[in-house]
Amino acid sequence: MLRAFITLAFVVIFNFFLFRMLPGDPIGLYARGRNQDPEQLVELRRALNKPLLEQFLTYLRNPFDSTIDSTRFSRPVWEMIGERLWPTLLLLGTAILLASIIGIWIGIRAGWKPGGRFDRISTGSTLILYSMPEFWLGMMLLIVFAAGAFGIPGMFPVGGISTPGVDTSSPMGWLNVLWHLVLPCTTLVLIYLADYALVMRSSLIDERKQEYLTLARAKGLRDAMVRKRHAVPNALLPTVTLIFLSLGFVVTGAITVETVFSWPGLGLLTYEALRGPDIPLLQAIFLMFSIAVIVANLIAELLYVVFDPRVRS
Amino acid sequence: MSISAQRRRSSLAQFAHSFRQDRTGMTGLVILAIFIATAILAPILIPDEALDVTKAGGGRFESPSFSYPLGTDEVGRSILLMLAWGTRISLTVGLAATLISMVIGTTFGIMAGHFRGVGSQALVGVTDWFLVIPFLPLAIVLATVLGPSTLNLIIVIGITSWAGTARLIRAQTLSIEGRPYLERSKALGAGNWYQMSRHVLPNVFPLVLANTTLTVAIVILSETTLSFLGLGDPGAPSWGALLDRAFSSGAVSRGAWWYVLPPGICVVLVVLAFTLVGRAMERIVDPRRAS
C-alpha cells in the first residue's frame, strides 16, 4: 500500500520535471497558427516564467490541472481523455476477458500433460505469438480480411469504431460497433493469450508435484476430478494476478493496435499526441496510464494476500 | 596455467557440449547466424543506390517479380534490399540497447544485493519503480524529450528495460552472499569492490549471459514498436521503420502484403531465435529455473 503511494508520488514528480527539460518555447508552439488573445498569451508566459519551485508547488496542488490545453486540439486534455476512455475500455475489456478464458484453457490442457502432443503444439504457437509485434499481426489481419488481398473478399471494416452516420445507441448501431470490434479484438486476444497460457501451464506443472495431488489420487478420484477440484484452483492464483500485473504490457498493445485500426481510444490519442508532439496531452496521458498500471499492481498484490494464506503469515 | 583459468576453460567446454545437445537452442543459433551474416555483409552486397529514393528503379507498390523478389515500396525501391539493410539497423539497436540495459541491471542488482541499509533499499525502490511504470508510455515520453535519432532510441530502450535483470541479479547475489568463501574473503579484509568484482560478479555472470540473450529478444520487439510509432531515425530503415512506412503509405488498404509480411517475419524469427537460445542457456546454467 505504502509502496504504491511512493511509486505514485515518483510518477507525479517525474512527470513534472521531465517535461520542463524540453527545449524550445511551449507557448510559441501553442500559439502558432491560431488567433490567440495576446493578453492571454502574456498570462500563460508569466505562469511558465515563474520560479521552478513555485510552479512545482502549484502543480502538486493539483497534478490533473494542466495550465495549457492540448496544442493540437485546443481543448482541455482531461476532457479529451475522458471521451476516449470508453472505446479503450470496451476493446481492452473484451480482449482481456476472451484472452484469459482461452489462455487459461490452453494452459490447463498443456500443463496437465506436459510434453504431450497438445502441449508441444500449443507451447510452440504461444512462443511464436509471444515473439510477434502486435501491430504487425493487426496489419496482416487487415490485409487478409479487410483489404481484399488473396482473393478473399473484404469481410470487415478497415478501421474506426462504427460506420459514419450510424446511430451507435440503437441495436443496429451496437451490431455495427461489434462488427468493427472483431479484428482489433482478435489481434489483442491472440497476443495476450500467449502470456496467460504460458503462465497457467507452468503454474499447473508446479502444482502437479505437490503432495496433496497424490493424496487426492490415493482417495481414488478420477484424473479429471483431481485436475478440476484440486490442481486448477490452486494454479489459477498466479495467472489471475498476472492478468492484473500485465496491464503495462496490455497498454503497449492498446497504443499500437488502436493506431493500426484507427480505434478512437486512448491508444490512438497517444499516437496523435506524439505525432505533434502535443506535450500537454502527452503529459496527461503518461500520468493516466501510469496511475492505471500502479493501481492494477496494487490490486494484484491485494488479491494474493486475500487468496493465498501462505503470504499472510 | 592457473587452476582457476583451467577450471573456467573446462566449464566452458562443458557448457558448449551441453548446448550442442539442445536441439531448440541449436535451431535458434543457426537462425541467428544467418541474420548476423546478412547484417555484416549488407554493405558489401547491396549497392548504395538501392536505398536512394531518387534512383529507385521499380514502379510504386509492384508485386513480387523476378527482378524484385519481394516487390517494391511506395517509391519503387526493392523491399528485399531494404529488409537486408534493416537487419543491420535492428540488430545494432537491439545489441547496443541490451548492452546498456545489462550494465545498468547488473550493477544495480549486485550493489542492491551486496550492501545493506538505506542505500540498498533505495536501489530496490528505483528498480521497483521501473518495473511498475508501463514501458511504452515511459519510452514515448523519453523519446519525445530526447528527439528522434538511432542513438536516442538505443538510450531510451536501454534505460527502460534493465529493471527485470536487476531484480534477477539481486536475488542471485543474495544467495551468493551467504556462501563461506565470501565470509573467508571478508575475514581476510577484502573491500566491497573486491568482493563484488572478484567473487559475486564471476558467479552471477553465467546467469547474466543467459538473461542477456532473453533481453535482446524483448529489446528488438521494443525497437520495432518504437520505430513503428515514428520515434526512431526517419532515415534508417529498421524493420519497425519499414512497417511504419508501409502503414502510413497505405500499403495495408491496398493489400500490398509483400510490404508488410516480410519485416514482421524477420522480427518473429530473430526474437524467437534469441528466446530459444536464451532458454537453452538458462536450462544449462540454472536448471532450477527452467520448468
How high is the relative contact order of region B:128-287, in percent, counting Cα pairs under 8 Å that sit 6 or more residues apart? 26
Say each of B:Ala13 and A:Arg217 gets a label point 7 Å from the Cα, pointing the same way as Cα to Cβ; how far apart are those two points in nm? 4.2
Taking θ = phi - 60°, what integer Hz values does the Karplus form 6.51 cos²θ - 1.76 cosθ + 1.60 yield along region B:113-119, in sequence order, with x for Gly and Pro? x, 7, 7, 10, x, 5, x
Kindly identify region A:194-242 as rounded, prolate or oblate by the Cα gyration tensor criterion: order the square roots of the eigenvalues as a ≥ b ≥ c, call it rounded if a/c is under 1.5, otherwise compare a/b with b/c, prolate if a/b is larger, else oblate. prolate
Label point distance in nm, B:Ile265-B:Ala37, each placed 7 Å from Cα along Cα→Cβ: 1.8
Tell me the label-point distance for the pair B:Val30, B:Ser253, using the 7 Å Cα-to-Cβ offset, in nm and rounded to one decimal. 4.4
To test your reading of the geometry: what angle, between 0 and 90 degrees and rounded to tens, separates the Cα axis of helix B:23-45 from the longest principal axis of chain B? 50
When you look at the Cβ of every residue in A:246-252, what mean number of other chain Cβ atoms sits within 10 Å? 4
Of every Cα-Cα pair in chain B, the percent that sits beyond 29 Å: 45
The answer for the per residue Cα convex hull volume of region B:179-250, in Å³, is 110
Inter-chain Cβ neighbour average for residues B:266-276, partner chain, 10 Å: 3
Return the Cα extents of the protein assembly as shown along principal axes one, two and three, sorted largest first, each rounded to a whole Å. 74, 65, 61
Cβ under 9 Å from B:Leu229's Cβ, B:Leu229 left aside: what net charge do those residues give with Lys, Arg +1 and Asp, Glu -1? 0
What percentages make up the Cα-Cα pair-distance distribution of region A:124-237 when the bins are 5 Å wide from 0? 2, 10, 14, 12, 11, 11, 9, 9, 9, 7, 5, 2, 0
FRET efficiency estimate (nearest 0.05) - Cβ-Cβ, A:Met155 to B:Asn203, R0 45 angstrom: 0.20
At a Förster distance of 45 Å, what's the computed FRET efficiency of A:Leu89 paired with B:Lys186, Cβ-Cβ distance as r, to 0.05? 0.25
Residues whose built amide H sits under 5 Å from the amide H of A:Trp263, excluding neighbours closer than 5 in sequence, are A:Gly160
Give the residue from A:Phe261, A:Leu298, B:Trp85 lying farthest towards the positive end of the charge dipole for the protein assembly as shown; charges sit on Cβ (+1 for Lys and Arg, -1 for Asp and Glu) and the dipole is referred to the Cα centre. A:Leu298
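Read the figures in this text as sums done on the coordinates, not as results from a lab. As the structure is a computational prediction, the values presented were derived from the model and not from experiment. Quick reminder, even Gly has a Cβ in these numbers, built from the backbone with ideal geometry, and neighbours come from all protein chains shown.
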